[in-house]
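Input: a single structure, listed below in structure tokens.
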């Protein structure tokens, strides 16, 4: 309902009175609908949803009091204002009853035209203000919901789709959005009201540049403006638009690409709608910046993590080796998982470990332990001594930090293998269709002085060994022993291709909340 004439339902069974009231309303610029009975009035209220009801108290079928009560009791019509008018029920008690049963105003006849017009305008003014406030409250609630959804989006496509669908739903107009992604791609989505699903469209970076030039230029800030139809279709010829477009362009900082969000500009946005569009644009720009920063930090973290791991695994005659490093899906920080494969003459050292935590410190400590391990095997190959050295390094230079490490020293020719384990998941020994974990090792590194036991086992020809960090199997809702049994069961059927088995193992546990390091080798026949 706008600020001009309203649709008014006049209910009265007296033709003369019905005519007079209707004439006064039309003279004030309102559109009039008439009814002569209470039941007819209720039907028209439900069908037409008028802006105001002028209701006689005495009607031939049901009283005006009851009609008013039913209007106010129905959630679909309860906000429609009702003015009751009567030439018979004019006592203070009558007026009180009318107001108590839902009337917004009560007039006793005879009524002067000016008094009637003023009452109608005052009632409409109040309800228009109330409806605007209620509409704005709904829009702000929806704005909050859309903003939360944008901030929880995990991809740029999801973010942009959420923003344009939210704008279209809140403002009940066709919507569109444009943003430049970190990889240099321009992404554009549009949505049509009632369809409520964003569709990807083609766009070029030039479109976003031209929109920015129309408003902000190279400055930072937010601006809502109108793009004429001709200019809009010139930039985006595939757009189905019948009039101008109302657009918000937002740039959070100098040097950053702007973000665009727009809707149909016909009819023109009012001040409240422009404010909602502005806030949506600002929320979108901030969410795009946050997701861009996360994506960049995540890429840097993964690059750093991989740079700290071996660049390549040496080829070892008689052994087939497969390995994996999989960063946590939602963790932007680097972790402390590592693996190592080193040739020591005719033998090979295979190590896996996990430094506590996810941080640059954890990655730094991990790198120190790898370098200390490499140094410890120069000129000697005593696993117990190497493990004790790693423990001393951690306790001396990083007190309070802990790590789990498992070391294997294998002779591929004979199959003889030494095992030293500091609190890590035991290696899984696989042969002849059976799999079992080696026994538990000693205390993890960094806790106390410890003498590390070295066990000796034999890996038969065709036998395999699997080592992995706990990130592969740890789940909040599952016991660790259950997950260990799952790995053991899967390892009873290892493919000829170890790569295929490692892929199957990773896929079985799915996306992980922690980093995963994995090394598997087979002693060939």
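Bear in mind that the values in this text are calculations on the coordinates, not laboratory data. Values in this document were obtained by computation on a predicted structure and should not be read as measured data. With ideal geometry, Cβ positions are generated from the backbone for all residues, glycine too; neighbour counts draw on all protein chains shown.
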Original post:
Fewest to most neighbouring Cβ within 10 Å: what's the order for 480, 319?
Top reply: 480, 319
Subject >> Helix 383-397 axis, angle to the chain major axis (alpha carbon atoms, nearest 10°) >> reply: 50 degrees
**OP:** Per DSSP H run of at least 4 residues, take -39500 (n - 2.57); add these up for the chain, divide by its residues and hand me the 222 nm value, nearest 500 deg cm²/dmol.
**Re:** -13000 deg cm²/dmol
**OP:** List 424, 436 from most exposed to least, where exposure is judged by having the fewest other Cβ atoms within 10 Å.
**Re:** 436, 424
Original post:
Quick one: helix 271-308 against the long Cα principal axis of the chain, what's the angle to the nearest 10°, folded into 0 to 90?
Top reply: 0 degrees
Subject >> Given [x] 36; [y] 29; [z] 57, the label whose value is percent of Cα pairs over 38 Å apart derived from this model >> reply: [z]
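What ranking, highest mean first, results for peptides 259-265, 44-50 when packing means the other Cβ atoms within 10 Å averaged over each residue?
Ranking the peptides 259-265, 44-50 by packing returns 259-265, 44-50.
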Original post:
When the label point is put 7 Å from the Cα of residue 504 along its Cα-to-beta-carbon vector, which residues of segment 451-470 have a backbone N closer than 19 Å?
Top reply: 462-468
Subject >> Difference of contour (0.36 nm per residue) and Cα-Cα distance, residue 112 to residue 266 >> reply: 51.4 nm
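Just to verify a number: FRET efficiency for residue 303 and residue 253, C-beta to C-beta distance, R0 = 35 Å, to 0.05?
Calculated transfer efficiency: 0.90.
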Subject >> Virtual spin-label span in nm between residue 320 and residue 524, 7 Å along Cα→Cβ >> reply: 0.8 nm
Original post:
Based on the Cβ-Cβ distance of residue 479 and residue 196, what FRET efficiency does E = 1/(1 + (r/R0)^6) give at R0 = 35 Å, to the nearest 0.05?
Top reply: 0.20
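How far, in nm, would the chain grow between residue 413 and residue 493 when pulled straight, counting 0.36 nm per residue and subtracting the alpha carbon separation?
26.4 nm
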Subject >> Percent of Cα pairs exceeding the 15 Å cut-off, where the set is segment 380-428 >> reply: 52 percent
Subject >> Inter-label distance for residue 364 and residue 380, nm, one decimal - labels placed 7 Å from Cα along Cα-to-Cβ >> reply: 2.9 nm
Original post:
Given the alpha-carbon gyration tensor of segment 153-295, what are the semi-axes of its equivalent ellipsoid in whole angstrom, ordered largest first, with each equal to the square root of 5 times an eigenvalue?
Top reply: 20, 17, 15
Original post:
Points 7 angstrom from Cα along the Cβ direction at residue 440 and residue 486: gap in nanometres?
Top reply: 2.2 nm
Original post:
What is the list of residues in segment 57-91 whose amide nitrogen lies under 19 Å from a point 7 angstrom out from the Cα of residue 128, following Cα to Cβ?
Top reply: 79-83
